[in-house]
1. Please pick out the residue among LEU336, LEU380 that is modelled with pLDDT under 95 and in contact with a Leu (Cβ under 8 Å, 6 or more places away or on another chain).
2. Across the stretch 300-346, what is the total count of residues that are among the β-branched types (Val, Ile, Thr), crowded, with 16+ Cβ neighbours inside 10 Å and part of a helix (DSSP H, G or I)?
3. Pull up the stretch 279-299, narrow it to residues that are under 17 Å from TYR258 (Cα atoms) and of a type in the set (A, V, I, L, M, F, W, C), then point me to the one that is surrounded by the fewest Cβ atoms within 10 Å (Cβ to Cβ).
4. Considering the stretch 125-144 alone, what residues qualify as being within 20 Å of THR191 (Cα to Cα), aliphatic (A, V, I, L, M) and surrounded by 19 or more Cβ atoms within 10 Å (Cβ to Cβ)?
5. Any residue that is in contact with a Lys or Arg (Cβ under 8 Å, 6 or more places away or on another chain), buried (at least 23 other Cβ atoms within 10 Å of the Cβ) and closer than 24 Å to PRO280 by Cα - is there at least one of those in the stretch 67-81?
6. Among the listed residues GLY270, GLY293, GLY313, GLY319, which satisfies the condition of being over 19 Å from GLY60 (Cα atoms) and either acidic (Asp, Glu) or touching an Asp or Glu at 6+ places or on another chain (Cβ under 8 Å) (or both)?
7. Quick check on the stretch 368-379: of everything there that is aliphatic (A, V, I, L, M) and surrounded by fewer than 16 Cβ atoms within 10 Å (Cβ to Cβ), which residue is nearest to ASN238 (Cα to Cα)?
8. Suppose we filter VAL154, VAL146 for residues that are over 14 Å from SER99 (Cα atoms), β-branched (Val, Ile, Thr) and not in a loop (DSSP other than H, G, I, E, B); which single one remains?
Amino acid sequence: MARALYIHWPFCLAKCPYCDFNSHVRDSVDVARWQAALLADMRIEADIAGSEPLESIFFGGGTPSLMPPSLVEALLREAERLWGFAPGIEITLEANPSSVEADKFADLALAGINRVSLGLQSLDDEKLRFLGRLHNAQEGLNALEVAQKAFERVSFDLIYALPGQTPDQWQQQLGRALSFGTGHLSLYQLTIEPGTRFASMVRRGEFDPLDDDAAADLFAMTQDMTSAADLPSYEISNHARAGEESRHNLTYWRYQDYVGIGPGAHGRRGGMATQRHKKPENWLAAVEDRGSGCQLENPVTANDQATEALLMGLRLREGLDLGKLSARLSIAEGDLVDGAAVDRLIALGFAWRQGSLIGITPQGMPLLDALLPRIVPDALVAA
């Protein structure tokens, strides 16, 4: 049963420059109405998803750090009443590095937030402009300083392998990032996804992506520097001091159940995939009409669950236990992976296997996207 709760807050205020969903920008929000709806959505999931104590709660979405602290406190109080909290529960809030949001950090900590994930993305003003961010590097550092004073645990993200980025530039920036002393860093390589602004820019010849060899060199540098700073990678893009790994994200990567409430939120529970209405007004109307904002609740076949578990679990340094996955899904362990392909990857130094545990080596991690289709059997995907 679910031991993690995701709460999606869809809105940005008009004065907030970070929203990617213009239709979700609001000058004001009827907080009392939204509080009642979020509480109702939470209660109906609690009735279905069991009563095991929650180990993590994550506030994500538009700009959740602009939620009134009183709303955050009310949601946490009800979550604790419905499920109970496991000792040392992790309660994370996503935040952007704006002074408007940073001004709320102290009150959000008092409301119960004990971890913040801060979207810095770069410590270089030129790179921030390229990424389309409206904050500058100093504003980001100011927000980080406030966050470190307010919260027990702080993580921030950076994007690297940017066009023209040299090893010296990334070494200097990453070294500076490590000097701030946070227990967690999310370090993502820039990827050019179809249909995105970056894909359009590449098509128009506005920039050339960094080539694969150069990006691989930066990835290797990242692993070396973070390991030397006692923040080794525990997932392909996430690095943490021992004990400060993101418990909530580990729920996803370990393919465990989680509850999702609020507009657009996804969830997994008992072999079912849940999805809330994406448009805020549709979600709100559904909750007020029938007590739940759930739009879709579909069974996930055992084969699809196995595929998803492999795609997520092999991102982790700890790897994946095929024996446990076999018992969970009633699929023979030998049918979960292409054994011959795994043996070839082991011989090449790209994968490892210890009993029923299987994983990707540090040398294989930069090639993960190419390795996964070889490991996951065609029969599993096609079934």
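1. Working: LEU336 fails: modelled with pLDDT under 95.
Only one candidate passes the filter, namely LEU380.
2. Keep residues of the stretch 300-346 that are among the β-branched types (Val, Ile, Thr), which gives 300-301, 307, 331, 337, 342, 346.
Filter once more, so that each one left must be crowded, with 16+ Cβ neighbours inside 10 Å: 307, 331, 337, 342.
Remaining after also requiring part of a helix (DSSP H, G or I): 307, 342.
Of the residues in that region, 2 qualify.
3. LEU296
4. Within the stretch 125-144, LEU128 is the sole residue that qualifies.
5. The first filter runs over the stretch 67-81 and keeps only residues in contact with a Lys or Arg (Cβ under 8 Å, 6 or more places away or on another chain), leaving 69, 78.
Retained after the next criterion (residues that are buried (at least 23 other Cβ atoms within 10 Å of the Cβ)): none.
Among the residues of the stretch 67-81, not one is in contact with a Lys or Arg (Cβ under 8 Å, 6 or more places away or on another chain), buried (at least 23 other Cβ atoms within 10 Å of the Cβ) and closer than 24 Å to PRO280 by Cα, which makes the answer no.
6. Numbers: GLY293 fails: over 19 Å from GLY60 (Cα atoms); GLY313 fails: either acidic (Asp, Glu) or touching an Asp or Glu at 6+ places or on another chain (Cβ under 8 Å) (or both); GLY319 fails: either acidic (Asp, Glu) or touching an Asp or Glu at 6+ places or on another chain (Cβ under 8 Å) (or both).
Step by step, each of GLY270, GLY293, GLY313, GLY319 is checked, and only GLY270 is over 19 Å from GLY60 (Cα atoms) and either acidic (Asp, Glu) or touching an Asp or Glu at 6+ places or on another chain (Cβ under 8 Å) (or both).
7. Pass one, the stretch 368-379, residues aliphatic (A, V, I, L, M): 368, 370-372, 375-376, 379.
From what is left, the residues that are surrounded by fewer than 16 Cβ atoms within 10 Å (Cβ to Cβ) are 368, 370, 372, 379.
Numbers: LEU368: 15, ALA370: 20, LEU372: 19, ALA379: 31 Å.
Per the criteria, the residue is LEU368.
8. Details: VAL146 fails: over 14 Å from SER99 (Cα atoms).
On inspection, the qualifying residue turns out to be VAL154.
The values are calculated or read from the model by the stated rules, or taken from the named source; none is laboratory data. In this text, all values refer to a predicted model and were calculated from it rather than measured experimentally. Neighbour counts run over all protein chains shown; Cβ positions are idealised from the backbone, glycine included.
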